[in-house]
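Worksheet: one structure, shown below.
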Amino acid sequence: MLHAHTVEAVRAAEAGTGDLLTSGVLMQRAATALATTCLRRLGRSGGVYGARVVVLCGSGDNGGDALFAGAQLARRGAAVLAVPSGERWHQAGAAALQAAGGRIVAATADPSGDAERVRRLLRDARLVLDGLVGIGARGGLREGAARLAGLHAEVGAGDRTVAVDIPSGVDAATGAVEGAVVRAARTVTFGTIKPGLLVLPGAEHVGDLQLVPIGLELPSPDLSALESADVAALLPEPDVISSKYTRGVVGVASGSEQYPGAAVLSTGGALHGGAGYVRFASTAHPAEQVRLRFPEVVVTEVPTDDGADRAGRADGSSRAEATLAAGRVQAWVVGSGLGTDDDAATVVRTLLEQDLPVLVDADGLSIVAQDPEMLRSRRGRPTLLTPHEGEFARLVGGDPDAVTADLAADRLGVVRRVAADLGVTLLLKGSSTLIVTPDGEARVNRTGTGWLATAGSGDVLSGLCGALLAAGLSPLDAGSVGAYLHGVAAQLAPVPVVAEDVLNALSGAWTAVRSGAA
């Protein structure tokens with residue numbers, strides 16, 4: 001499992017090393033690991049000797065790490081040029097670089113000439129080291145660093161860039177990006193991962209992430225990410241005495257006459273979630289579609305509004321009662337394509353009143369957003385919500401643009417506050433999906449692809465996670481494992497990916513995880 005720690009925890013751990021910090025040993029460890037990574041990259045792209053390397057550096061420790069690493073590259077024959085962001089730079093690192101044959105390219109009195117010179121250097125470089133700022137930086141980059149980051153972006157040097165600890169312009173604590181930012185092909189981070197490397201929008205600029213231990217004693221992590229072995233250990237596995245009932249029974253209440261496809265996709269996801277039995281309850285058209293597609297699912301057809309009227313009840317209670325009458329389950333999945341009328345709202349409310357794990361998605365989220373007490377009243381009972389950003393904004397209330405801005409500034413912090421307020425586990429979908437419990441324990445999912453941004457993929461995820469709940473996983477584990485498998489399935493699916501491709505690839509995702517190939 002990958003663990004990320006707050007900047008404050010990292011600083012305290014560094015201070016706790018005593019002489020290792022003050023003597024520069026930690027910096028030398030970091031610089032040597034960084035140089036080793038760079039040597040490997042240069043070796044794969046034509047060799048080290050004579051290779052042009054540009055070091056973008058500030059005056060802090062990250063600049064020192066980059067300069068010391070540059071010195072090691074220069075001693076191996078690379079042509080290393082350091083471009084400072086201002087009039088000050090790390091003196092010891094610069095001295096080591098110059099002693100090894102590297103050069104410092106300082107600013108002149110001609111800003112336009114300087115800019116063109118830096119562009120040319122960046123275009124010609126086979127490798128760029130980004131050491132402009134470190135993990136203590138907050139807010140946007142200052143003028144000199146912002147100018148260099150902008151020139152770096154102009155020439156498209158990101159595919160040749162190794163970031164030191166964190167890409168400059170990414171807030172190490174939150175992942176926020178304000179203004180200019182460096183995009184890296186690889187980020188080499190030291191001691192521990194920082195949350196901003198895993199959380200949007202900063203995670204988009206990290207590239208491949210490499211962690212280098214440097215001997216820090218760290219507390220409990222602020223954020224974690226499951227790896228393949230962790231997921232494999234959590235997957236429900238039947239034994240020789242298992243039955244379809246002991247493996248878990250999941251109930252799915254989804255779809256409507258208008259949205260039968262959501263019923264098929266969420267039920268299909270549930271079939272691939274490890275539970276032994278799937279019960280489906282919905283109105284006539286989605287019920288028919290699920291029967292045709294999945295003969296192994298036990299389908300209960302519930303009345304529509306018209307049916308409720310004939311029974312003398314127009315409040316949706318007939319449909320809700322029929323949904324419960326589908327049979328005993330160990331968890332419910334509700335919401336995908338359900339609609340948001342009074343009939344659907346009564347179904348959602350009724351299922352949330354049950355003393356069972358419940359997953360709420362899609363239309364169900366719109367319903368509970370109108371009455372969040374439905375969620376708060378379940379505090380202490382397992383509840384998993386799976387919103388995308390728009391649905392999350394409705395849960396929070398207020399201006400959607402303001403919520404989006406808040407998420408961009410501190411995604412993890414905002415999700416933590418909402419999960420605590422509602423008393424639920426939140427799975428906020430995105431290219432780095434977050435799963436956060438009411439107590440603040442947080443994980444981020446690192447599998448997936450941009451092709452998952454397609455209609456219906458969230459329905460598959462909801463069924464998958466709901467079945468994992470029924471199989472006995474906690475909301476945190478069910479959400480984390482489900483998101484991981486869902487992402488691997490998208491990576492295995494042919495492009496362009498549609499939701500049914502993800503559904504069909506889930507068995508392959510299980511196989512890949514269990515074999516250690518994912």
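Tabulated data
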read-out: Average Cα contact separation per residue, the chain, under 8 Å, 6 or more apart, as relative contact order %; value: 12 percent
read-out: Ellipsoid semi-axes in whole angstrom, largest first, where each is sqrt(5λ) of the Cα gyration tensor of the range 145-214; value: 19, 13, 9
read-out: Bins of 10 Å from zero: percent of alpha-carbon pairs in the range 1-58; value: 18, 33, 31, 18, 1
read-out: Crossing angle, helix 284-293 versus the chain [Cα axis fit, 0-90 degrees, rounded to tens]; value: 60 degrees
read-out: FRET efficiency, Val498 to Glu288 (Cβ-Cβ, R0 25 Å, nearest 0.05); value: 0.70
read-out: Exposed chymotrypsin sites (Phe, Trp or Tyr not before Pro) absent - longest run of the chain, DSSP non-H/G/I/E/B, at most 13 other C-beta within 10 Å; value: 246-518
read-out: Value of relative contact order over the range 12-146, rounded to a whole percent, pairs C-alpha under 8 Å and six or more apart; value: 27 percent
read-out: Cα gyration tensor shape of the range 393-507, rounded if a/c is under 1.5, else prolate or oblate by comparing a/b with b/c; value: oblate
read-out: Length released on extending from Leu218 to Asp19, taking residue separation times 0.36 nm less the Cα-Cα span; value: 69.9 nm
read-out: Under DSSP loop assignment and at most 11 Cβ neighbours within 10 Å, longest GluC sites (Glu not before Pro)-free interval of the chain; value: 297-518
read-out: Relative contact order computed over the range 380-432 (Cα-Cα under 8 Å; 6+ residues apart), in percent; value: 57 percent
read-out: Per residue, in Å², the accessible surface of the range 339-482 once ligands and nucleic acids are set aside, probe 1.4 Å; value: 35 Å²
read-out: (i) 3, 15, 24, 25, 17, 10, 5, 1, 0; (ii) 4, 18, 25, 20, 15, 10, 6, 2, 0, 0; (iii) 3, 11, 10, 9, 9, 10, 8, 7, 6, 5, 5, 5, 3, 2, 2, 2, 1, 1, 0, 0, 0, 0, 0, with the label sought being that of the calculated P(r) over Cα pairs in 10 Å bins from 0, in percent; value: (ii)
read-out: Per-residue [θ]222 nm for the chain (sum of -39500 (n - 2.57) over DSSP H runs n ≥ 4, rounded to 500); value: -13500 deg cm²/dmol
read-out: Length gained when the stretch Val298-Arg376 is fully extended (0.36 nm per residue, less Cα-Cα span); value: 24.9 nm
read-out: Residues of the range 129-164 with amide N under 15 Å of a point placed 7 Å along Cα→Cβ from Ala409; value: 138-140
read-out: Rounded FRET efficiency, nearest 0.05, which uses the C-beta distance separating Arg417 from Arg123 and R0 of 41 Å; value: 0.35
read-out: For the range 115-185 and the range 478-510, distance of Cα centres in Å; value: 33 Å
read-out: Shape of the range 14-145, Cα gyration tensor, a/c cut at 1.5; value: oblate
read-out: The chain: angle of helix 25-44 to the longest principal axis, Cα-based, in degrees nearest 10; value: 80 degrees
read-out: Separation of the Arg138 and Ala115 label points, Cα + 7 Å toward Cβ, nm; value: 3.1 nm
read-out: Antiparallel bridge percentage (DSSP; both residues within the chain; nearest 5); value: 20 percent
read-out: Point-to-point label distance, Ser431-Ala153, nm (Cα→Cβ direction, 7 Å offset); value: 1.4 nm
read-out: Exposed trypsin sites (Lys or Arg not before Pro) absent: longest stretch of the chain, with sites in DSSP loops and at most 13 other Cβ within 10 Å deemed exposed; value: 380-518
read-out: Spin-label pair Arg11/Gln91, simplified geometry with 7 Å Cα→Cβ offset, distance in nm; value: 2.4 nm
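The values are calculated or read from the model by the stated rules, or taken from the named source; none is laboratory data. The structure presented is a predicted model; accordingly, all values stated were derived computationally and were not measured. Counting neighbours? That spans all protein chains shown, and the Cβs are built from the backbone with ideal geometry, glycine included. Heavy atoms of the whole protein, side chains included, go into the accessibility calculation; ligands, DNA and RNA do not. Shrake-Rupley method; radii C 1.70, N 1.55, O 1.52, S 1.80 Å.
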